[in-house]
């Protein structure tokens, strides 16, 4: 059975040394209470929950799965008790306003929590995780009455929330939504329709489930311009805030899935269910994007979480399992064979996993600082800064979601590979990580959808490449500090400078050609996203290596010298072995679309 150990040393390196979160928190309106001691206590506390409570029920939860009977869903054994401990610990409300029962801490602290919970037990993490976007949507767009009615119980974790978008006839194409909302004399609406793939849509963990639902009012224009957003609780909420009469929203089934089997993915039927409008009529998609962006960052965390979990399992196995002798000679002559970790190819796989986890974590921790600043600007009603940070985060989000989930899946598959045939066996837990990781590239928008969002909406249409120029300017500023240095830091800095220039040239070439060939954006988008991800991760490895080298040189890192040296060595591995993949993506992104589009549809297969 796999075990999980929270990577607190890695997390603290980024939080305290690379990104200087203590100074960052000191500049936030809600950061005063986030002192180093408080943050450290939170990290330690959630680590205990993850290691002692959540991780031990991960494998069993996958084996047992959720059970469906007559519209009711039972979660796996141990989930209810674990959720009770989660709620009693106050973990759901870390980053939400004190006025609704939260602790009022910055958003980033909630991300640190989510990373550990996701690595320990992603299926369990889905239940409180979906609530975060629901809460953020109500905070930003809900009426004061809606906030008072729903937020205290959501923030405490007593209730959970969902997002209900997808329908049987449409997935990503929300213009096809048919769920209808008919207004009532009392100001409420009757919601009728079917939603599918609703994560945590029905379960037995919480006293109520608050659904955020996309639907159309009768007078709505066609397409996405005619979508409104509604709050529809499983149980109607009484005046005193308690859950009362059952609403007419029922679970018709739960999906039988490849992975995350401990999380219930529901089919929900709304039969004139009572709901209330959030925000303005026909502007539901605008409000829902608050939910979606929150969810997409949450899914990006899944890539890092699965990479970390698989790496931990693979590393322990590679140190214990013995097979053959190392090609460079016996490493453990007293044993019958050398441990797997001595074999170069096994080290390649382990270092790839390690680099994905550490590089991805740095990317996320940097992005969530921007999220902190964005929410801080919203709190202070600083509209100019809010828009600035929102746009910045909007550029990061598709890269983080698309690239990190693809890389997390690769890391999960490598974990199985290190185990060999044992990796295919359920009891070792490695194949579960791979199955659980597979969904991350699909939900909240597939990798292709993220790529179109990045290249089409954010880079070409939205900013005409300015978002890339802004980020590469930061890359160049870092690279110039070390461009003439010797050793690995100098080499990485020069590579970073070249990639920054190359990224801009690639963007410009696609921009110029897209006007003549509309299919180019679709054909180039995934390669462009992956290229962007590799280059961005490279920047964050230089940043980590720079800090590690500084601490080694000034003697402050004597107690952690091995850790800092390993950090530089991991960065060097990334630049030698993983970053070169960007060249293939760049070449493919610039390939003509003719080879994609020339074949007649009927010629794809002959039967």
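The values are calculated or read from the model by the stated rules, or taken from the named source; none is laboratory data. Since this is a predicted model, take the numbers as computed values, not measurements. Heads up, the Cβs are rebuilt from the backbone with ideal geometry, glycines too, and the neighbour counts pull from every protein chain shown.
On the given criteria, is residue 212 outside any loop (DSSP other than H, G, I, E, B) and either over 21 Å from the mean Cα position of the chain (by Cα) or over 30 Å from residue 60 (Cα atoms) (or both)? It would help to see each step written out before you state the result.
Working: outside any loop (DSSP other than H, G, I, E, B): yes; either over 21 Å from the mean Cα position of the chain (by Cα) or over 30 Å from residue 60 (Cα atoms) (or both): yes.
It is true that residue 212 is outside any loop (DSSP other than H, G, I, E, B) and either over 21 Å from the mean Cα position of the chain (by Cα) or over 30 Å from residue 60 (Cα atoms) (or both).
Here is a list: 541, 563, 573. Which entry is under 29 Å from the mean Cα position of the chain (by Cα) and farther than 19 Å from residue 19 by Cβ? First the steps, then the outcome.
Values: 541 fails: farther than 19 Å from residue 19 by Cβ; 563 fails: farther than 19 Å from residue 19 by Cβ.
After applying the criteria, what remains is 573.
Going through segment 324-380 one residue at a time, which ones are in contact with a strand residue (DSSP E or B) (Cβ under 8 Å, 6 or more places away or on another chain) and either in the same structural domain as residue 545 (by TED's automatic domain parsing) or touching a residue at least 12 places away in the same chain (Cβ under 8 Å) (or both)? First the steps, then the outcome.
Going through segment 324-380, the residues in contact with a strand residue (DSSP E or B) (Cβ under 8 Å, 6 or more places away or on another chain) turn out to be 331-332, 335-340.
Hits for segment 324-380 are 335, 336, 337, 338, 339, 340.
Can you find a residue that is over 30 Å from residue 515 (Cβ atoms), in contact with a helix residue (DSSP H, G or I) (Cβ under 8 Å, 6 or more places away or on another chain) and modelled with pLDDT of 95 or more anywhere in segment 471-478?
Restricting attention to segment 471-478, the residues satisfying the condition of being over 30 Å from residue 515 (Cβ atoms) are 477-478.
Narrowing the set further to residues that are in contact with a helix residue (DSSP H, G or I) (Cβ under 8 Å, 6 or more places away or on another chain) leaves 478.
The next check asks that each one be modelled with pLDDT of 95 or more; those that pass are 478.
Yes, segment 471-478 contains a residue that is over 30 Å from residue 515 (Cβ atoms), in contact with a helix residue (DSSP H, G or I) (Cβ under 8 Å, 6 or more places away or on another chain) and modelled with pLDDT of 95 or more.
Is at least one residue of segment 4-20 outside the structural domain of residue 375 (by TED's automatic domain parsing) and at pLDDT below 95?
Taking segment 4-20 and keeping what is outside the structural domain of residue 375 (by TED's automatic domain parsing), we get 4-20.
Among the residues that remain, those that are also at pLDDT below 95 are: none.
No, that holds for no residue.
Please verify whether residue 434 is over 28 Å from residue 123 (Cα atoms), touching a residue at least 40 places away in the same chain (Cβ under 8 Å) and in contact with a helix residue (DSSP H, G or I) (Cβ under 8 Å, 6 or more places away or on another chain), treating the condition exactly as stated. If you could, list the steps in order and put the result at the bottom.
Working: over 28 Å from residue 123 (Cα atoms): no; touching a residue at least 40 places away in the same chain (Cβ under 8 Å): yes; in contact with a helix residue (DSSP H, G or I) (Cβ under 8 Å, 6 or more places away or on another chain): yes.
When the stated conditions are applied, residue 434 does not pass them.
Hey, residue 514 hits all of (1) under 20 Å from residue 399 (Cα atoms); (2) over 24 Å from the mean Cα position of the chain (by Cα); (3) surrounded by 15 or more Cβ atoms within 10 Å (Cβ to Cβ); (4) at pLDDT below 95 but one; which does it fall short on?
So residue 514 meets the others, but not (1).
Would you confirm whether any residue within segment 438-461 is within 26 Å of residue 580 (Cα to Cα), in contact with a helix residue (DSSP H, G or I) (Cβ under 8 Å, 6 or more places away or on another chain) and part of a loop (DSSP other than H, G, I, E, B)?
There is no residue in segment 438-461 that is within 26 Å of residue 580 (Cα to Cα), in contact with a helix residue (DSSP H, G or I) (Cβ under 8 Å, 6 or more places away or on another chain) and part of a loop (DSSP other than H, G, I, E, B).
Tell me which residues, restricted to segment 479-511, are outside any helix (DSSP H, G or I) and either in contact with a helix residue (DSSP H, G or I) (Cβ under 8 Å, 6 or more places away or on another chain) or surrounded by 15 or more Cβ atoms within 10 Å (Cβ to Cβ) (or both). Lay out the reasoning, then the answer.
The initial filter retains those residues of segment 479-511 that are outside any helix (DSSP H, G or I), namely 481-486.
481, 482, 483, 484, 485, listed by residue number.
Only one of (1) surrounded by fewer than 21 Cβ atoms within 10 Å (Cβ to Cβ); (2) at pLDDT 90 or above; (3) not in a strand (DSSP E or B) is not met by residue 304, so which one is it?
(1)
Check 32, 61 and return the single one that is free of Cβ contacts under 8 Å to residues at least 60 places away in the same chain and either in contact with a helix residue (DSSP H, G or I) (Cβ under 9 Å, 6 or more places away or on another chain) or part of a loop (DSSP other than H, G, I, E, B) (or both).
Details: 61 fails: free of Cβ contacts under 8 Å to residues at least 60 places away in the same chain.
From the options 32, 61, the qualifying one is 32.
How many residues does segment 175-204 hold that are buried (at least 17 other Cβ atoms within 10 Å of the Cβ), more than 25 Å from the chain's Cα centre (by Cα) and on the phi > 0 side of the Ramachandran plot?
Adding up the residues that qualify gives 1.
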